[in-house]
Amino acid sequence: MTRLEQVYEKWLKLQPFSHEDEMRLNRKFMLDFNYNSNHIEGNTLTYGQTEVLLLLGRVVGDAPMKDFEEMKAHNVGLNMMELQAKEQQPLTESFIRQLHQVLLREDYIVYRELPNGIQTSYTVHAGCYKTRPNSVITPTGERFEYASPEETPALMGDLVNWFNEVEQSGRYTPAQLAALFHYRYIRIHPFEDGNGRIARLLVNYILLRQNYPMVVVLSRKKQSYLKALGEADKNTGVVPSVGAHASLEMIEPFVQYMDKLLVEQINGDIAFLQSNPLETWWYNGELVKFRSDKSISMLQLMIDNPRITIAELSEQLSINSSAVQKQVATMTKKGYISKEGTPKQWLVHIFSTIK
């Protein structure tokens, strides 16, 4: 039995989950996935801003309004993907394009300056396959081309038909199927923007259909993710159509990455459910255990009274103001708390594992 099979078996033994546990897991995943999948692609919202936006519907802090709108749209796409996965209907190109339409919301123009100084522009079409070639510059400085606009419709048709044929065959494990679909999709790169976000949504679409926990690629571990894809690229070569029909053997580094990611995700979810809620909290993919009960009491006081002052915290915690300020500075730096609004109020972004 593989390591993944072992932890998945432990996961199944915890089920069925209580309604409260389902809600806690869903909240944790929703925040982690939306924040990290967008952050990988350059969204500037902090984890705390993401939490306030998606849970409270409020815009706080400084960031381009586009990033707030992008985050909200991504959460709509996540909900849409989960509903579609649970219906167990065949995957369609129409659904993938609809998902892209939801994420991008509308067409927009991208302006670029060429090396010779000439300004150029092109339109990104929401919900439509690309109309211009796209590529990426590798770490070695080479240009890596994706499928051409002319090839894309046929290759996407092949990808969707292949998935629908093999999903129920048992030929691949859920991790293998998710990895292979992700890799083939990325080698096509069917849209002018949003391909990474769509790929990660579709990975979770596949896992959810197979009754596996959904996964989060943490932005702070982005390089491991890109390295695994790059190693697979070395095996498949530069021809896009070959990559779009890659075999499991060709992308073995990425399959191993997906296996490891699932093991980490399941172990994290199990630890989240089984931890002592009086001493363990969650923040962006990690369980946090505080060494002092005073830290937990401080967070709880901020939750109960967002306008509480340093002096009041000092009095109620029976510690001096300088110690309170030091704790506040540490938690603020780590992103666990922030002070926003007019008048200023505490926002606690780290949350308890309590049921």
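The values are calculated or read from the model by the stated rules, or taken from the named source; none is laboratory data. Treat the numbers as computed from the prediction; the structure is a model and nothing was measured. So basically every Cβ, Gly included, is an ideal-geometry build from the backbone, and we count neighbours across all protein chains shown.
Within the range 16-40, the set of residues being hydrophobic (A, V, I, L, M, F, W, C) and crowded, with 16+ Cβ neighbours inside 10 Å comprises Leu25, Phe29, Met30, Leu31, Phe33, Ile40. Please find, among Val203, Val216, Val238, the residue that is within 21 Å of Gly42 (Cα to Cα), in the same structural domain as Pro174 (by TED's automatic domain parsing), not in a helix (DSSP H, G or I) and not aromatic (Phe, Trp, Tyr). Within the list Val203, Val216, Val238, the selection yields Val216. Counting only strands (runs of 3 or more DSSP E) that fall entirely inside the range 243-355 and contain at least 1 residues that are of a type in the set (Ser, Thr, Tyr), the qualifying elements are 280-283, 337-340. One residue stands out in the range 52-63 among those that are under 18 Å from Leu78 (Cα atoms) and at pLDDT below 95: the one that is surrounded by the fewest Cβ atoms within 10 Å (Cβ to Cβ), namely Gly57. Of all residue pairs spaced 6 or more apart or on separate chains, those with beta-carbon atoms under 6 Å, a first member in the range 85-96 that is under 12 Å from Cys128 (Cα atoms) and a second member that is of a type in the set (A, V, I, L, M, F, W, C) and not in a loop (DSSP other than H, G, I, E, B) are Glu93/Met156; Glu93/Val160. Of the residues making up the range 250-262, none is surrounded by fewer than 20 Cβ atoms within 10 Å (Cβ to Cβ), of a type outside the set (D, E, K, R), in contact (Cβ under 8 Å) with a residue 60 or more places away in the chain and assigned by TED's automatic domain parsing to the domain that holds His100.
Selection of the range 184-195 for residues being assigned to a helix (DSSP H, G or I) and surrounded by fewer than 22 Cβ atoms within 10 Å (Cβ to Cβ) yields Ile186, Asn195. The set of residues in the range 73-121 that are in a loop (DSSP other than H, G, I, E, B), surrounded by fewer than 18 Cβ atoms within 10 Å (Cβ to Cβ) and touching a helix residue (DSSP H, G or I) at 6+ places or on another chain (Cβ under 7 Å) comprises Gln88, Pro90, Thr92, Arg105. Of all the numbered requirements in (1) assigned to a loop (DSSP other than H, G, I, E, B); (2) in contact (Cβ under 8 Å) with a residue 24 or more places away in the chain, Arg58 misses one, and that requirement is (2). When Tyr185, Tyr172 are checked against the criterion of being without any contact (Cβ under 8 Å) to a residue 40 or more places away in the chain and either within 23 Å of the chain's Cα centre (by Cα) or closer than 22 Å to Lys260 by Cβ (or both), Tyr185 stands alone in meeting it.
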